Amino acid sequence: MELDLNQKEEYKKTELGLLPNEWEVVRLGDVVQKMKAGGTPKRGIKEYWNGEIPFALIEDITSCGLYLSKTKNTITEEGLKNSNAWIVPENSLLLSMYATIGETAINTIPLATNQAILAIIPKGNFDKVFGAYLLKFNAERLKMQNIQSTQKNVNKGIVESFKIPVPPLSEQKKIAYVLSSVQEAKEKTEDVIKASKELKKSMMNHLFTYGLVSLEEAEKVPLKETEIGLIPEEWEVMRLGDLFKSKNIIIQFGFPCGKWNDKGLGVPHLRPFNVSNDGQVVLNGLKFINIERDINKYLLKKGDILFNNTNSEELVGKTAYWNKDGDFVLSNHMTIIRVLNFNLINSQFLANYLHKKWYDGFYLKICRRHVNQASISLARLEQIQIPLPPLSEQQKIASILSAIDQKIEAEENKKKALEDLFKSLLHNLMTAKIRVNDLENVFDE
């Protein structure tokens, strides 16, 4: 950190680096009233389990965010008495000492914990929210103090002696407020994303059954029973294989490459993992293939449909619509479905319907299984039947679902920006590279 002359006078050298003069470096044990790990009642004694006392495990801490308000397991009073577990008062810090060292949460309810969790009750001069964020930030440094064993752990003694920087209480509270504001914004964005994804699933069920009518009008739609279930009377049903044979679509495997790299050399190579649960292409963890021969046949075109034909049962059958620019190829664990006759079929409509069948678990019924892999051959893919409404109706259905996809993508981008902002603020505020007073009023606007 570069400081001007005036700033240098306000900072001091410490064992944790350059810190403001009013900050102290202390042992964590100096700012807490009590530290104590929990214990686990014997699993084989049923009278100890499924009682009224919430019982926290590390997985509860890692999945709850900042605040822990419920646990998957509970114990009885007998279980509590016959183990090292104890009742941790609400608003304590829960710190993971095993495996995922440094994961921290604040319990909003009294509970018991297992021996892998150290409960920390702060003193009045150590803000619990600041403390939780501080421990999360320092998790990597705490891991370096681990006891060398088969499973890397820390213990109460190590945590008590762990050195931390402590600002004045007023500054702790301001830092906690800034970080909590960003965290809350991210969680609200996650709620919007979750609701939007549920809306898409609900809309797919409605649109592919009743067509373009409101929920109130759905009961009035004349339906017919088909091989794929109830659909509006005027819709047709066709096999993908018939569309393929009549040259309305192309179905082909992805590029049969043998080697790939993660250094950005060559053409980006999409794999089954790049198709998300909501039927979107996610360009994370891209691999690349060197161009050693003509791959034009395998390059994706806008409007193509990506279908996962081979991988785990969870991934097989996931489908996505491709609407991006640039040269990309698919793994040969994936299939390209390319619409040729746009007067008959809308690509987005078809992609959404095929992905809906993944939601419905259809592909698990038709896939072949071998060891840890499931696969759908081109022959089986061709047997899949699809509904064909009039083209104008296909386009409108695709447009409705596309609007929801755009909403999800926008919120995902917002979430990513908030995550990046949180990481930046966490680092800079905890190391005093940015002073919280410099951020006053930012989150009040």
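The values are calculated or read from the model by the stated rules, or taken from the named source; none is laboratory data. This structure is a prediction, so every number in the text was calculated from the model and none was measured. Every residue, glycine as well, gets a Cβ built from its backbone with ideal geometry; the counts of neighbours run over all protein chains shown. When the accessible area is computed, the model is the full protein with side chains, heavy atoms only, and any ligands, DNA or RNA have been set aside. Shrake-Rupley method; radii C 1.70, N 1.55, O 1.52, S 1.80 Å.
Quick notes on this one:
- Residue that is least open to solvent (accessible area, probe 1.4 Å), among those in the range 286-307 that are among the β-branched types (V, I, T) and part of a loop (DSSP other than H, G, I, E, B): I295
- Filtered residues of the range 403-421 (kept if surrounded by 16 or more Cβ atoms within 10 Å (Cβ to Cβ) and either over 26 Å from G317 (Cα atoms) or not charged (D, E, K, R) (or both)): I404, I408, K414, K415, L418
- N125 in contact (Cβ under 8 Å) with a residue 12 or more places away in the chain, over 29 Å from M430 (Cβ atoms) and over 30 Å from the mean Cα position of the chain (by Cα): no
- Enumeration of residues in the range 308-334 that are open to solvent by 70 Å² or more (accessible area, probe 1.4 Å) and closer than 23 Å to D360 by Cβ: E313, E314
- From A105, A132, residue being in a strand (DSSP E or B) and either at positive phi or buried (at least 21 other Cβ atoms within 10 Å of the Cβ) (or both): A105
Matching residues to (1) under 30 Å from G17 (Cβ atoms); (2) outside any helix (DSSP H, G or I); (3) without any contact (Cβ under 8 Å) to a residue 60 or more places away in the chain:
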position: E393; (1), (2), (3): no, no, no
position: K396; (1), (2), (3): no, no, no
position: S399; (1), (2), (3): no, no, yes
position: I404; (1), (2), (3): no, no, no
position: E412; (1), (2), (3): no, no, no
position: S424; (1), (2), (3): yes, no, yes
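- The set of residues in the range 36-48 being among the hydroxyl-bearing types (S, T, Y) and either modelled with pLDDT under 95 or not in a helix (DSSP H, G or I) (or both) consists of T40 alone.
- Within the range 49-67, restricting attention to residues that are crowded, with 21+ Cβ neighbours inside 10 Å and either within 20 Å of the chain's Cα centre (by Cα) or at pLDDT below 95 (or both), the residue that is nearest to I106 (Cα to Cα) is I61.
- For Y11, the conditions (1) open to solvent by 80 Å² or more (accessible area, probe 1.4 Å); (2) hydroxyl-bearing (S, T, Y); (3) touching a residue at least 40 places away in the same chain (Cβ under 8 Å) are fulfilled apart from (1).
- Cβ-Cβ contacts under 9 Å between residues 6 or more apart (or on different chains), taken from a first residue in the range 198-213 that is surrounded by fewer than 21 Cβ atoms within 10 Å (Cβ to Cβ) to a second residue that is among the hydroxyl-bearing types (S, T, Y) and in a helix (DSSP H, G or I), are listed as K201/Y359; N205/Y359.
- In summary, strands (runs of 3 or more DSSP E) completely within the range 308-388 and bearing 2 or more residues that are out of contact with any helix residue (DSSP H, G or I) (no Cβ under 7 Å at 6 or more places or on another chain) occur at 334-339, 368-370, 373-375, 385-388.
- Selected residue (only one of T113, T104, T40, T62 is in contact with a helix residue (DSSP H, G or I) (Cβ under 7 Å, 6 or more places away or on another chain) and hydroxyl-bearing (S, T, Y)): T104
Let's see how each residue does on (1) modelled with pLDDT under 95; (2) in contact with a Phe, Trp or Tyr (Cβ under 8 Å, 6 or more places away or on another chain); (3) open to solvent by less than 40 Å² (accessible area, probe 1.4 Å):
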{"site": "S347", "(1), (2), (3)": "no, yes, yes"}
{"site": "Y363", "(1), (2), (3)": "yes, no, yes"}
{"site": "N372", "(1), (2), (3)": "yes, no, no"}
{"site": "E393", "(1), (2), (3)": "no, no, yes"}
